[in-house]
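The values are calculated or read from the model by the stated rules, or taken from the named source; none is laboratory data. No experiment lies behind these values; they were computed from the predicted model shown. Virtual Cβ from ideal backbone geometry, glycine too; neighbours counted across all protein chains shown. These accessible areas exclude ligands, DNA and RNA; they are computed on the full protein's heavy atoms, side chains included. Shrake-Rupley method; radii C 1.70, N 1.55, O 1.52, S 1.80 Å.
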Amino acid sequence: MITFEEARSIIYAHTRSLGVERIHVLESVGRVLAEDAVAPWDMPLWDNSAMDGYAVRATDCRTIPCCLKVTGFIPAGVRSEGLSVEPGCSVRIMTGAPLPAGCDAVVPVEETDNGSETVTLHESVEAGQHIRVRGEDVRQGQVFIRAGSIIRPPEVNMLASYGMALVAVHRRPSVAILSTGDELVELGVTPGPGEIVNSNTLSLAAAVIECGAIPRIIGIARDNRESHREKLTEGLKADVLITSAGVSAGDCDLVRDVLAELGARQLFWKIGIKPGGPTAFALHGTTPVFSLPGNPVSTMITFEEFVRPALLRMQGHSAIQRPLFKAVLREEVRKKPGKVQIVRVRLEKDNGRWYATSAGNQQTAILKTMVDAQALAVLPAETTRFAAGSEVDVHFYGNHIELE
Ligand code: AMP
Ligand code: MG
């Protein structure tokens, strides 16, 4: 048995980016940029007006009110070459329009009488006011988004501003999902006596989608070698393989055995964690293979703690683990020594502090407590008693949790 932390570092040491693909900028939201984005030109590319108003020479406007002749008009989208602001004159200009030669300030229309032949200014004018200077946002050659950044709408905007229709991002892994067991029937089939619906395939696929990867549902391997051989071979064609069940020490637990037969190299089996102890990790070539226990709670928790960070890492993310924060226990918790224990909790915030209450029955066969859990408390292996009022590490469980 290896520790929770050892298991993570072995997994991280064997999961890396699958390389780069170029996709449309709109498709890139949520993905991780694989190459620095370098500015092909100054942004903005020319000095321009920040306001609707009048381009003026500040020295002409020392005494207020001041009256200037209006000698031209520059709407947005028009070139300003050939136009200049002569002494004692002004040019009417719209927001974003290129500045004419000679001027050094823009006076907003609200600070004038809005005149068309002549204009009267009511407020004092400072050189440089309301002018956007060429290159003040980004200089040509500057890195404006670093490789490794997650693409959000602002990144999409900057990339689009530079006309970058294709964006280099880390590939999304395809993740094969294989359930094993003679008791399983597929979704849509009414389970008979002794049968259960293969719900793990669905929750694993949902979790894979939630972290940005692409699920490939392989179906069910029955509890015999032939079926395992066929389905595992199929699953190994994906970038990552996840199996559920058949990984404990029971008579029908064939997953590790048949994986070995197919050439996978097991890196560990059994982690000091509860639930989820029998988890195994192997490599087939460079393909990571996660063999998770079949109990649905164990499957989901081991995915959350071990597979999710690996899939994020493969997609170029650097923050791959959910951030831990402290919560105060409402009730005492006791556990056996030797294993990290993951406890399903609900959270409340009171006076700036988080408080954690058990989400209910913590047995591994109880699914509803997973539904009710907003967060998971991560209790260290060696401690056996956590008093009410003491602080423990917790992290959110799920991507869309909102708490007051
Ligand atoms: P096993 O690891 O095969 O001993 O399975 C452990 C427990 O998980 C048993 O109660 C199984 O019925 C249950 N289980 C296994 N596979 C699935 C699955 N695909 N969906 C839901 N429950 C499952
Ligand atoms: Mg089984």
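What to note about this one:
- Share of Cα-Cα pairs in the range 160-251 lying beyond 19 Å, as whole percent: 49 percent
- Accessible-area rank, largest first, for Met314, Met300: Met300, Met314, with all protein chains present and a 1.4 angstrom probe.
- Extension gain (nm, one decimal) between Thr3 and Arg22, 0.36 nm per residue minus Cα-Cα: 3.0 nm
- Summarising the amide proton neighbourhood of Ala147: residues at separation of 5 or more, or on other chains, whose placed amide H is nearer than 5 Å comprise Asp36, Ala37.
- Helix 4-13 axis versus longest C-alpha principal axis of the chain: approximately 60°, rounded to the nearest ten.
- Projecting label points 7 angstrom from Cα along Cα→Cβ for Ser116 and Ala249 puts them 9.3 nm apart.
- With every protein chain in place, the chain: carbon and sulfur % of accessible area (1.4 Å): 52 percent
- What you get for the range 40-198, charging only the Cβ of Lys and Arg (+1) and of Asp and Glu (-1), is a dipole of about 520 debye around the Cα centre.
- Taking every DSSP beta bridge that has both ends in the chain, the antiparallel portion is near 65%.
- The range 217-260 - charge dipole about Cα centre, Lys and Arg +1 at Cβ, Asp and Glu -1, debye rounded to 20: 80 debye
- A Stokes-Einstein calculation at 10 °C with viscosity 1.306 mPa s, built on the Kirkwood radius of the range 246-385 over Cα pairs, returns a diffusion coefficient of 96 µm²/s.
- The range 16-128, Rg to Rh (Cα coordinates; Rh as Kirkwood inverse mean 1/r): 1.26
- Ranked by solvent-accessible area (1.4 Å probe, protein heavy atoms only, all chains present), the residues Cys67, Cys211 order from largest to smallest as Cys67, Cys211.
- Each helix, a run of at least 4 DSSP H residues, gives -39500 (n - 2.57); summed and divided by the residues of the chain, these come to -4500 deg cm²/dmol at 222 nm.
- FRET E, pair Tyr12, Glu136, Förster distance 45 Å, beta-carbon r, rounded to 0.05: 0.65
- Convex hull volume per residue for the chain, taking Cα atoms only, in Å³: 199 Å³
- Heavy-atom accessible area order for Tyr397, Tyr54, largest first, 1.4 Å probe: Tyr397, Tyr54
- Thr95 accessible area, 1.4 Å probe, all protein chains in place, Å² to nearest 10: 60 Å²
- Cut-off of 10 Å, at most 11 other beta carbons, DSSP loop: longest stretch of the chain lacking such trypsin sites (Lys or Arg not before Pro): 147-404
- For the range 357-404, the solvent-accessible area of protein heavy atoms averages 55 Å² per residue (probe radius 1.4 Å; ligands and nucleic acids excluded).
- Förster radius 56 Å - calculated FRET efficiency between Asp182 and Ser149 (Cβ-Cβ, nearest 0.05): 0.75
- Accessible area per residue, Å², the range 103-235 with all protein chains present, probe 1.4 Å: 51 Å²
- Area of Met43 that stays accessible when all protein chains are in place (1.4 Å probe, Å², to 10): 40 Å²
- 0 to 90° range, to nearest 10: angle between helix 199-210 axis and the chain longest Cα axis: 20 degrees
- Tilt relative to the chain, helix 225-235 - C-alpha long axis, 0 to 90 degrees, to 10: 10 degrees
- Given Lys274/Lys326; Lys326/Lys368; Lys237/Lys368; Lys231/Lys270, the pairs whose alpha carbons are separated by over 32 Å: Lys237/Lys368
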